[in-house]
Amino acid sequence: MSPLLLAFIAIAVFFTSTLSGVFGMAGGLVLLAALLTVLPVATAIAVQGAIQIVANGSRAIFSRHYIDWRILGTICLGLAAAAVLLFILRYTPDLATVCVAIGLMPILVWMPKQWLALDASKPLHGFLCGFLGGGLNLAVGVSGPTVDIFFIRTQMDRRTIIATKAATQVVSHAAKVVFYGAAASAMAAGDWLTVLIAAPFAIAGTNLGYHILQRLTDEGFRAWTRWIVTFIGIFYLARGLSLVLGA
C-alpha cells in the first residue's frame, strides 16, 4: 500500500473517530465508504471492524464510568443469536447490497416515536437491538442508525448513550472480525499495517470527540445525529442504486 494511501486512511480514521466520539455513530459509516473504494467487500468490513474495535474501545474506556452493563449484557445475547443465524445461512456480502442496506438505514431515525417506541433499557428491546443491530453489523459492516433508535429515545443522557453504545460496538465489531475470519486471515501484510498505523489516529480522534461531546447539549446531540446520518445514507443509497442499475 502506497504512503499516500496510508496517509489518506490515517486522516479518514482520525476524522471518523472524532465524528463517532461526538455522536457515537456515523464515523464507521464514513470509514467503511473509504475502505470500500480500495479493498474487496469482505476485507474492507474486516479491516473496518479491527479499526473500529480500537476507536470504540478507547471511547468506552474514556467513558467507562457511564456504561450501563445490564443493557450491554442483553444486547450481547441478541448479537450472539444473529451471528448463529447468519453462520447457518452461510451469508456472504456484496457491494451493491451493502450500499443499499446502509443507504436505507437513516429512515429509521426519522420515524415518529409512536411508530417505534424502542428503549434499549428494556430487556426485550435490548435483545432486539443486539439481534437487529448486531446482525446488520455482521451483514453489511455497520449498524449505527439501527442501534441508535434503541438509544436515542431512552431517558439516558448523552454520556451514558455514547458509553454504552461504544461498549456494544466493541463486542459487535469483534464478532464481525471473527465472522469474516477467512477474509481477515487472507489479508495482506499491508492491510494489517494499515490497521496498526490507523490505531493511534483512532484513539486521538476519539479523545477529541469525547471532549467535544462534553460541550454539546442533549438536544443538539439528538438533532445533529439525525442530519449527519441522513446525508451519509443518501451517499450510500446513490452508490448502491448505481451499482444495481449498472451505471
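The values are calculated or read from the model by the stated rules, or taken from the named source; none is laboratory data. Just so we're clear, the structure is a prediction, and the values are computed from it rather than from any experiment. Methodologically, a virtual Cβ is constructed for each residue, glycine included, from the backbone with ideal geometry; neighbour enumeration extends over all protein chains shown.
For beta carbons closer than 8 Å, sequence separation of 6+ or different chains, a first residue in the range 142-167 that is basic (Lys, Arg) and a second that is surrounded by fewer than 21 Cβ atoms within 10 Å (Cβ to Cβ) and outside any loop (DSSP other than H, G, I, E, B), the qualifying pairs are Arg158/Leu213; Arg158/Asp218; Arg158/Phe221; Arg159/Tyr66; Arg159/Leu213.
Scanning the range 142-177 for residues that are crowded, with 24+ Cβ neighbours inside 10 Å and of a type in the set (D, E, K, R), we see that the one that is nearest to Thr206 (Cα to Cα) is Lys165. Of all residues in the range 92-132, those satisfying the criterion of being part of a helix (DSSP H, G or I), among the aliphatic types (A, V, I, L, M) and modelled with pLDDT of 80 or more are Leu95, Ala96, Val98, Val100, Ala101, Ile102, Leu104, Leu124, Leu128, Leu132.
With the structure loaded, tell me whether Ala82 is assigned to a helix (DSSP H, G or I) and modelled with pLDDT of 90 or more or whether it fails that test.
Judged against the criteria, Ala82 is a match.
Do you know which of the residues in the range 203-228 that are among the hydroxyl-bearing types (Ser, Thr, Tyr) and assigned to a helix (DSSP H, G or I) is surrounded by the fewest Cβ atoms within 10 Å (Cβ to Cβ)? Here the residue is Tyr210.
When the range 95-111 is filtered for residues that are surrounded by fewer than 16 Cβ atoms within 10 Å (Cβ to Cβ) and closer than 12 Å to Thr230 by Cα, the ones remaining, listed by number, are Leu104, Ile107, Trp110.
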